[in-house]
1. Give me Leu44, Leu135, Leu37 ranked fewest to most by other Cβ atoms within 10 Å of their Cβ, as a rough exposure proxy.
2. May I have the extent of the alpha carbons of the stretch 130-184 along their three principal axes, as whole Å values ordered from largest to smallest?
3. Order these by the 10 Å Cβ neighbour count, fewest first: Met57, Met86.
4. For the charge dipole of the stretch 7-65, defined by +1 on Lys and Arg C-beta atoms and -1 on Asp and Glu C-beta atoms about the Cα centroid, which residue among Leu30, Thr63, Val15 has the Cα displaced farthest towards the positive pole?
5. Quick one: which residues, 5+ away or cross-chain, put their amide H under 5 Å from the amide H of Val53? H built at 1.01 Å from N.
6. For a quick protection proxy, order the peptides 104-117, 150-163 by their average other-Cβ count within 10 Å, most packed first.
7. Greater than 21 Å separation of Cα atoms is the criterion. Which listed pairs, Lys41/Lys126; Lys59/Lys130; Lys126/Lys190; Lys126/Lys186; Lys19/Lys59; Lys130/Lys172, meet it?
8. How would Ser129, Ser82 line up from fewest to most surrounding beta-carbon atoms within 10 angstrom?
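Nothing in this text is a laboratory measurement; each read-out follows from the coordinates by a stated rule. The shown structure was predicted, so the numbers you read here are calculated from the model rather than taken from an experiment. When we count neighbours, we look across all protein chains shown, and the Cβ atoms used for this are built from the backbone with ideal geometry, even at glycine.
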Amino acid sequence: MILPNAPAAETLPPVEVQKRTDSYNARRALLGSNPSLYVSKTRLSIRQIPTYVTERMLKRLATHAIQSFDEEVALGSRADLSEEEMTRDEPASDGDKAQNKGKAIPRVRQAKIVRQADRVDTLTGKGRSKGYGFLELREHADALRVLRWANNNPDVLSLFSEWWSAEVAEEKKDADPAQAKRITDKENRKSSAKQPRDSLIIEFSIENAQVVRRRAARQVGVSFIPLEYCT
């Protein structure tokens, strides 16, 4: 959390500091008003995501952030996680071990961009991004690494742009004329659109314990509540 008196706040315009302060106060009030709500240890809520960012790019951000965090710790330019933070994770379940026997367990469980159901992008066939999403990490320590490296990091926007260009270049390979035209239209739309300047706002997301239990009982998975819907 970047509070107004924190060193990181000095790099932000007042409006960005106010956004983070308002979010912090709203989350505290929300958690205090409903005993079924609690803060996730592994799922991150991410806002101010450029609308061209894909789930693949969001997942790539998580991997890049973890690696960069560890590299900066090794160089001495960043403090490592504390021993207490490293021990918050629960042991891997037997299901995880059995399913991934002999394989490396992925560090990212899910990357999700929240999209508009009623506005489908004709170029991608997907709903248009609402500018926020979620990253679910397998371990709390990795979620902390991603949050601390990517939250309010101005380098992230240039990384997103670089990765987007790489994805477009990949799409162009073996594209037929119709596909090539759609890709060119997508490039033109991005270049003419207003480029985002605000850094990401990343927080641990809020979950509803009752919803989690109901969904787990149906073996469908876990449901997470974005702050925007908890009103």
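1. Details: Leu44 23, Leu135 27, Leu37 18.
So the residues, fewest neighbours to most, are Leu37, Leu44, Leu135.
2. 46, 25, 22
3. Least to most surrounded, the residues fall as Met86, Met57.
4. Checking the options against the dipole of the stretch 7-65, the answer is Thr63.
5. Those lying under 5 Å, H to H, from Val53: there are none.
6. Details: 104-117: 15.2, 150-163: 17.0.
The most tightly packed comes first, giving 150-163, 104-117.
7. Working: Lys41/Lys126 30 Å; Lys59/Lys130 17 Å; Lys126/Lys190 16 Å; Lys126/Lys186 13 Å; Lys19/Lys59 25 Å; Lys130/Lys172 26 Å.
In this structure, Lys41/Lys126; Lys19/Lys59; Lys130/Lys172 lie more than 21 Å apart at Cα.
8. Fewest to most other Cβ atoms nearby, the residues stand as Ser82, Ser129.
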